[in-house]
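Okay, structure first, notes after.
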Amino acid sequence: MEAMTSLPLMTLMQLLFDTLLGFALLWLGWRALASPDLFQAIVLFIAFGLLMAIVWVRLDAPDVALAEAAIGAGLTGALLLTTLARLEAKNRSKSALEKKHKVWLMTENVKLKTASFLWLMVILMLLVSGLVYAVLTLQEQTFELQMLVSKNLESSGVSNPVTAVLLNFRGYDTLLEMSVLLLALLGVWSFGGIPKPHESLPGPVLNMLSRLLIPLLIIVAGYFLWVGSDAPGGAFQGGSVLGAAGVLLLLVGWRLCIRFVGLPLRIILVFGLGVFVSAAVVLIFLGRQFMEYPPSVAGALILLIEAAATLSIGITLAALFLVGRPEFRRHK
Amino acid sequence: MEIFYLSIAFFLLLTLLAGLWRVLRGPTAADRMLAAQLFGTTAVACVLLLAQAFERPVLRDVALIFALLAAVTAIAFVRRAWASGEHSDAAK
């Protein structure tokens, strides 16, 4: 009897919660984009990441919620804050020079604005129509796919369906994602060396906090890597937590010893991708398809690939935070 | 009991939205950043309540990540944005 009466109330409460969450998310997204103050926009973006993770929780996608919490709300916020600080430092040193050319720049800017605005609109319209088309042509019944995954779950070597899809059934996706991350780092590195650090020594509070937090972050990264085979978690989640540990180390002023900056760092960066590709290629020589893991060793293979990927993803994210190729410092 | 947890989560979401006022008003960067940190704490509580309400213990891991990484954002702010200084609306 009690269950009967409380059920509609529960649905109503869920509806209220979801509606508020949805509108808050849209509003935050709009404000973050429209805010003229960059710092305010970053804070709004961090709040957006938090709410987005809660939305994924409500959509019953804990794997995505974990990734969003780690990357969207945590790492990206720190990355954006550092970028903003660097931008402002650059602007201060440049502003004296630019004052002379200011009038010229402004007139030029107006001309550029209308032309680039039109182009931007065209590109955005194309993008939006592509997205609308993709949503409209989306298959309605994904139930068959779910059945397909759960039917083949046993041969995948893991019991978490998300990990099974990402590392086994559709391993290509993860492989390409990891290459994208590596390419992003190469892009950042191509901008040149890191600017001279002008950092104060960390105070006693920060010193203590980093000593407590960094081992904890590393343990949690290992936990997510291990738990990924039968519960939400995995290489990307573990990697981003490991990356956060690296970012924290860089923030308190720690730098990689110059001996390890060259080849050793690069080997670790491509280690994940290397293990992934070589496992797939070795299988071809053993008479199987590219990336077709034999069910008997699939579990161990996935764990091996994920362990290598976690390490590489973590180090790549931390290296992204440095903004620039670390080796450059030697020449200066 | 589930309805109780969900109601509290809803209330926390409301307080989070109230906190946005501080983000928009400022006046200093530290006010805004502290509001974001408070959101992090609220989100931890919110996700933990949702984990109880829908009996999904897995969600506690999400709260764990929130709690761990909120500190990283705060430290990035203190070490970079705040240390480089002069970032307050009062100075403008």
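In whole percent, what relative contact order does chain A give with Cα contacts below 8 Å and a gap of six or more residues?
On the way: 317 pairs, mean separation 63.5, N = 332.
Across chain A, relative contact order equals 19 percent.
Residues in the stretch A:138-173 near a label at A:SER296, defined as backbone nitrogen under 19 Å from the 7 Å Cα→Cβ point? Answer for this model: A:154-158. Calculation over all alpha carbon pairs of chain A in 20 angstrom steps from 0 returns a P(r) of 22, 53, 23, 2 percent.
Its DSSP H runs of at least 4 residues, each contributing -39,500 (n - 2.57), put the calculated 222 nm mean residue ellipticity of chain A at -26500 deg cm²/dmol, to the nearest 500. Interface size, chains A and B: roughly 5000 Å² of accessible area buried, both sides included, 1.4 Å probe, rounded to the nearest 100. In this simple spin-label approximation, B:ALA45 and A:PHE143 carry label points 7 Å from Cα along the Cα→Cβ vector, and these lie 4.1 nm apart. The orientation-averaged projection of the convex hull spanning the C-alpha atoms of the stretch A:198-248 amounts to 3.9 square nanometres.
In the assembled protein chains, A:THR137 presents an accessible area of approximately 80 Å² (probe radius 1.4 Å). Within the assembled protein chains, the solvent-accessible surface assigned to A:GLU292 is about 70 Å², based on a 1.4 Å probe. Spin-label model, A:VAL180/B:ILE3: points 7 Å from Cα along the beta carbon direction are separated by 4.4 nm.
So if each residue of separation counts as 0.36 nm, and I subtract the Cα-Cα distance between A:VAL281 and A:ARG266, what length gain in nm does that give?
Details: separation 15, 0.36 × 15 = 5.40 nm, distance 2.15 nm.
Length gained between A:VAL281 and A:ARG266: 3.2 nm.
Counting only other chain Cβ atoms within 10 Å of each residue's Cβ, the peptide A:17-25 averages 3. The mean number of Cβ atoms from other chains found within 10 Å of a Cβ in peptide A:214-220 is 2, as a whole number. Computed on the stretch A:20-70, with alpha-carbon pairs under 8 angstrom and 6+ residues apart, the relative contact order is 30 percent. Largest accessible area first, the listed residues B:PHE54, A:PHE191 line up as A:PHE191, B:PHE54 when surface is computed with a 1.4 Å probe on the assembled protein chains.
Could you give the length gained by full extension between A:ALA61 and A:LEU16, i.e. 0.36 nm per residue of separation minus their alpha carbon distance, to one decimal place? Walk me through the intermediate numbers first.
Working: separation 45, 0.36 × 45 = 16.20 nm, distance 1.98 nm.
Net length gain for the segment: 14.2 nm.
Modelled label positions at A:ILE219 and A:PHE191, each set 7 Å beyond Cα in the direction of Cβ, lie 3.6 nm from each other. Computed over protein heavy atoms with a 1.4 angstrom probe, the accessible surface ordering of A:PHE271, A:PHE290, largest first, is A:PHE271, A:PHE290. Does the stretch A:159-332 come out rounded, prolate or oblate by the C-alpha gyration tensor, with a ≥ b ≥ c the root eigenvalues, rounded set by a/c under 1.5 and, if not, prolate when a/b is larger than b/c and oblate if not? It comes out oblate by the Cα gyration axes.
The base-10 log of I(q)/I(0) for chain B, evaluated at q = 0.11, 0.12, 0.21, 0.25 Å⁻¹, reads -0.40, -0.46, -0.99, -1.18 [Debye formula, identical scatterers on Cα atoms, solvent excluded]. Relative contact order for the stretch A:159-332 using alpha-carbon pairs under 8 Å, separation at least 6, rounded to a whole percent? About 37 percent, as a whole number. Amide H to amide H, with H built 1.01 Å from N, A:ARG325 comes under 5 Å of A:GLY192, A:GLY193, A:ILE194, counting only residues 5 or more places away or on other chains.
With a Förster radius of 60 Å, plug the Cβ-Cβ distance of A:ARG255 and A:LEU136 into 1/(1 + (r/R0)^6) and report the FRET value to the nearest 0.05. Intermediate results must be reported in sequence, preceding the final value.
Details: r = 51 Å, r/R0 = 0.85.
Rounded to the nearest 0.05, the efficiency is 0.75.
Our note on the geometry: Cα centres of the stretch A:147-170 and the stretch B:5-59, 35 Å apart. Computed with a 1.4 Å probe on the full set of protein chains, the accessible area for B:TYR5 sits at about 50 Å². Counting, for every residue in A:68-81, the Cβ atoms of other protein chains within 10 Å of its Cβ and taking the mean gives 6.
From largest accessible area down, sort A:MET10, A:MET121; use a 1.4 Å probe on the protein chains.
Working: A:MET10 30, A:MET121 80 Å².
Ranking A:MET10, A:MET121 by accessible area, largest first, yields A:MET121, A:MET10.
Between A:MET125 and B:ARG60, what FRET efficiency follows from the Cβ-Cβ distance if R0 is 45 Å, with the result rounded to 0.05? After rounding, the FRET efficiency stands at 0.55.
The values are calculated or read from the model by the stated rules, or taken from the named source; none is laboratory data. Note that this is a predicted model, so its numbers are computed, not measured. Cβ coordinates were reconstructed from backbone atoms using ideal geometry, including for glycine residues, and neighbour counts include every protein chain displayed. In case anyone asks, the SASA skips ligands and DNA or RNA and just uses the protein heavy atoms, side chains included. Shrake-Rupley method; radii C 1.70, N 1.55, O 1.52, S 1.80 Å.
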